[in-house]
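The structure appears below as structure tokens.
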Amino acid sequence: MTELIFEIVRRSLEAGQAVEIEGLGRFHSTPQGYRFDAETQPTVFLAYALEDLEIVRRLADALRAADCSPWLDKERLMPGQNWTQSIDRAIADSDAFVACFSPRSISKRGQFQSELRQALECAEKRPLDEVFLLPVRLERCVVPDRIADQVQYVDLFPDWERGVKRLVRSIRRAARGRVGARFRPV
């Protein structure tokens, strides 16, 4: 199987196509041969209620503009992909998990709550002083006690730009050391 994957990558590169491996980087053809550009942007999983998709897309765009790599299910999941496994892997592999709280996400049962529980499990496996779970309030609402009692949240209202800047600083702190560690030669 590994040989088949290498063959597909080689053929794509010989045809002048770039090959991207999500979370790792891109292979390119160059006149000197092949080049690999490692992914160096912090990866950020965005958890939200579907009703908040529009504002969360705006947040994803702001994070991209700040050289972060947001993971948004509506953009990353492919047709036919096992979405539960993909989401669990994306949460575990992310440098930071941004939980987007709103009156809708707090009161709704479903995927947001499941992703939040998964992130809490991932956070428990990390060193206590490591930043991972980043609660964000999209609008005025009550962050669940289990989170608010332990983790500081950021408001994206009434000053969107200020909130995004604070969030990006925390994302960079969460990624410090992890980005380089992911791409060191073995």
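The values are calculated or read from the model by the stated rules, or taken from the named source; none is laboratory data. The shown structure was predicted, so the numbers you read here are calculated from the model rather than taken from an experiment. Cβ atoms come from the backbone with ideal geometry, glycine included; neighbour counts cover every protein chain shown. The accessibility values were calculated without ligands, DNA or RNA, using every heavy atom of the protein model including side chains. Shrake-Rupley method; radii C 1.70, N 1.55, O 1.52, S 1.80 Å.
Miscellaneous remarks
- The helix-only estimate of mean residue ellipticity at 222 nm for the chain, built from DSSP H runs of length n ≥ 4 each weighted as -39500 (n - 2.57), is -13000 deg cm²/dmol after division by the residue total.
- Once the Cα gyration tensor of region 93-158 is diagonalised, semi-axes √(5λ) in Å: 19, 14, 10
- Sum of side-chain charges, ARG140 neighbourhood, beta-carbon under 14 Å (Lys, Arg +1; Asp, Glu -1): -2
- Global form of region 42-119, assessed from the alpha-carbon gyration tensor, a/c cut-off 1.5: rounded
- Selection from GLN81, PRO103, LEU59 lying farthest towards where the dipole of region 42-160 points positive, charges on Cβ: GLN81
- Beta bridges by DSSP in region 1-142, antiparallel share as percent, to the nearest 5: 45
- Over the C-alpha atoms of the chain, the Rg to Rh ratio, Rh being the Kirkwood estimate, stands at 1.01.
- The chymotrypsin sites (Phe, Trp or Tyr not before Pro) of region 50-105 include none that meets both criteria, a DSSP state outside H, G, I, E and B (loop) and at most 14 other C-beta atoms within 10 angstrom of the site's C-beta.
- Region 59-116-region 133-178 distance, computed between alpha-carbon centres (Å): 15
- Taking Lys and Arg as +1 and Asp and Glu as -1, the other residues whose beta-carbon sits under 10 Å from that of GLY163 total +1.
- Against the chain, whose longest principal axis is taken from its Cα atoms, helix 2-14 shows a tilt of about 80°.
- Nearest-ten-degree value, helix 53-65 long axis tilted from longest Cα axis of the chain: 60
- Top of GLN118, GLN41, GLN150 by mean-square fluctuation, Gaussian network on the chain, Cα under 10 Å: GLN150
- What the chain shows is 62 Å² of accessible area per residue, with the surface traced by a 1.4 Å probe over protein heavy atoms.
- With K and R counted +1 and D and E -1, the other residues having a Cβ less than 15 Å from that of THR30 yield a net charge of +1.
- Once exposed loop trypsin sites (Lys or Arg not before Pro) are cut out (DSSP; at most 15 other Cβ, 10 Å), longest piece of the chain: 1-107
- Percent carbon-and-sulfur accessible area, region 1-126, ignoring ligands, DNA and RNA, probe 1.4 Å: 52
- With Cα atoms, 0 to 90° folded angle of helix 160-175 axis to the chain main axis: 60
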